Amino acid sequence: MKRKSFLILMTVLFVTTWSLVAVMGFAFVKVRMQNIKLKNSVAVLEQSMNYLDKNLKESRESRKEEEQYEKGVLDYIQWQFALRDQVVQANQRLRAQINKINDLKKDKALINLLYYNLGLSFTLSVDFGQAITSFDEALKYNPRDADSYYSLGLLHSAYTRDIKKAIKYYKKYLEFAPEGAKKEEVKQRIGTLEKK
């Protein structure tokens, strides 16, 4: 009987030990699996952090480039205003010189040239109304001035949108410069305007 009790006790101990080992093994596997999942989660999190850091650096660099671009645009705009002021002042000086020469009424070719240049200057300073007036004045002193007719054609087609006047001035250009450098361009412009 002792032997039977001993066998039962040993069996219980054996089963209990193996049950404990099995439970501990399952617990170990479970902890190990959780560690693996945690390591994977940490790796994914590190990748995400690296991606965010990279994007943040790129964003900062992009912002610096944008700031430099904005500064360049502002500098350009300020330069354009300064340039326009200089052109306006030059126009005023040129007009004063023309008025002096006008008083003398001596050199019509020179007055024509000065008004033509004044028209170009007003065109550059985007004062198209004054440019038209200046080219018209140039034609008073040289009614055969093909370049003034060409410029008036451009201004009336683009600025005043007076197609009839534009065509009239382009045709005058062709009349006084039939072999002029802008002959083909003017013919094409007339064709385009006549279709409108």
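Residues A146, A138: which one is touching a residue at least 24 places away in the same chain (Cβ under 8 Å), touching a helix residue (DSSP H, G or I) at 6+ places or on another chain (Cβ under 9 Å), surrounded by fewer than 22 Cβ atoms within 10 Å (Cβ to Cβ) and hydrophobic (A, V, I, L, M, F, W, C)?
Numbers: A138 fails: surrounded by fewer than 22 Cβ atoms within 10 Å (Cβ to Cβ).
One residue alone meets the criteria, A146.
Please specify each residue of region 139-166 satisfying the condition of being over 34 Å from the mean Cα position of the chain (by Cα) and over 18 Å from L120 (Cβ atoms). Selection gives P143, R144, K164, K165.
Of the residues contained in region 177-195, none is found to be of a type in the set (G, A, S) and surrounded by 20 or more Cβ atoms within 10 Å (Cβ to Cβ). Would you confirm, using the coordinates I've provided, whether A22 is aliphatic (A, V, I, L, M) and either at pLDDT 70 or above or under 53 Å from the mean Cα position of the chain (by Cα) (or both)? Judged against the criteria, A22 is not a match. For K105, the conditions (1) at pLDDT 65 or above; (2) closer than 27 Å to F176 by Cα; (3) out of contact with any Leu (no Cβ under 9 Å at 6 or more places or on another chain) all hold with the exception of (1).
The values are calculated or read from the model by the stated rules, or taken from the named source; none is laboratory data. In this text the structure is predicted, and so the values were computed from the model without any measurement. Cβ: placed from backbone, ideal geometry, glycine included. Neighbour counts: every protein chain shown.
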